[in-house]
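The values are calculated or read from the model by the stated rules, or taken from the named source; none is laboratory data. Since this is a predicted model, take the numbers as computed values, not measurements. Heads up, the Cβs are rebuilt from the backbone with ideal geometry, glycines too, and the neighbour counts pull from every protein chain shown.
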Amino acid sequence: MSRFYRFMLNFGIALALVCIFIASPGYSLPATVTEITAGDFFKLGIEKIQHGNYAEAIENLTEAIKVKNDFAAAYNHRCLVYLKLKDYQNAIADCNQALNLTPNNVEAHLNRGLAYYRQGDYQAAIADYNKAIALKPDDFRVYYNRGVAHAMLGNHQQAISDYELALTNIPQISSVLKADIYNDRGIAHFELLDLKAAMLDFSKAIALNANDYRAYYNRGCACSRSGDRSCAVRDFTESLKLKPTNAQAYLNRGIAYHQLGREPAAIADLQKALEYFAQQGDTTTYKLTLALLKNLQQQLSSISQIALVIGDW
């Protein structure tokens, strides 16, 4: 199962336009030089981030740092761009610089923790989130991210505790974000085999965000594990309505159909799963699904041959 969203900053900084006027050749004007400040470069960098021009954003933020080498905000925002570009080493380096300049920088700890997380260094990520929590104990993002890191380490009970703290501190208007947290808490309950709690959390996620295919898929997995195959088929079907290319949903619905004795539907779903696993380049799951499909087809062939023999008596 995938591990869903992480939170990034929204940029709402008002931008200023730097206009350079060029005089006509026939006029003689006093020579003036307008110095571009670090703040000007910073604003241009923010504008480039807002428009998705990440390479230019890095250039502008780098110029801001050259002009003012203790510009912590420029390091912070350049770190965000590096995170977006999956350049985690440079992201960590920029967070280090920001923290050297402003040791109580919550955002730098949050961003460096995210970079460590994406590198697979979950312990280092948790260490940064702990520091961020000490500085700002009411920030739901840090609890959520720490919970996800604990989940990756298999510390599911600790993850649940962090998700609960995130839900306690999250703004009430953030229904989609709350749905994400319920979804991940449901996964933690599922891993601990508390299927009732898992299904309750997935249902809460669906109530908050009815367009989240993941919550339907996850609840389908919980239904299947609890032995309710019809419930599983229902939820996998809803997930596929929202994301028709979800190969895992086809695979799991196919297995549920097989367990319900609906073999033609099971074969059709397994074939569809193979198609999408091939498109996604998931060769490992493709091979496992192919073996399952062949086994099911062989079973049906054997049953058909037995039926013909019985009919001849």
Checklist entry - What residue, among those in region 117-162 that are surrounded by fewer than 23 Cβ atoms within 10 Å (Cβ to Cβ) and aromatic (F, W, Y), is nearest to A91 (Cα to Cα)? => result Y122
Item to check | Selection count where residues are of a type in the set (G, A, S) and under 19 Å from the mean Cα position of the chain (by Cα), scope region 218-255 | outcome: 3
Checklist entry - Name the pairs: first residue in region 107-127 and among the basic types (K, R), second residue assigned to a helix (DSSP H, G or I), Cβ to Cβ under 7 Å, at least 6 apart or on different chains? => result R112/I92; R112/C95; R112/D128; R118/Y88
Item to check | Single residue of Q172, Q248, Q259 found to be farther than 27 Å from K136 by Cα and modelled with pLDDT under 95 | outcome: Q259
Next on the checklist: Quick test for you: out of L195, L208, L167, pick the one residue that is touching a residue at least 24 places away in the same chain (Cβ under 8 Å) and under 20 Å from A149 (Cβ atoms).
Outcome noted: L167
Checklist entry - Counting only residues that are surrounded by fewer than 16 Cβ atoms within 10 Å (Cβ to Cβ) and more than 27 Å from the chain's Cα centre (by Cα), how many does region 268-299 have? => result 8
Checklist outcome for this item: Checked region 54-80 for anything under 13 Å from T102 (Cβ atoms) and among the aliphatic types (A, V, I, L, M); matches are A72, A73, A74
Checklist entry - Before we move on, is L165 assigned to a helix (DSSP H, G or I), over 18 Å from A125 (Cβ atoms) and not acidic (D, E)? => result no
Next on the checklist: Looking for something modelled with pLDDT under 70 and surrounded by 10 or more Cβ atoms within 10 Å (Cβ to Cβ) - is there at least one such residue anywhere in region 34-56?
Outcome noted: yes
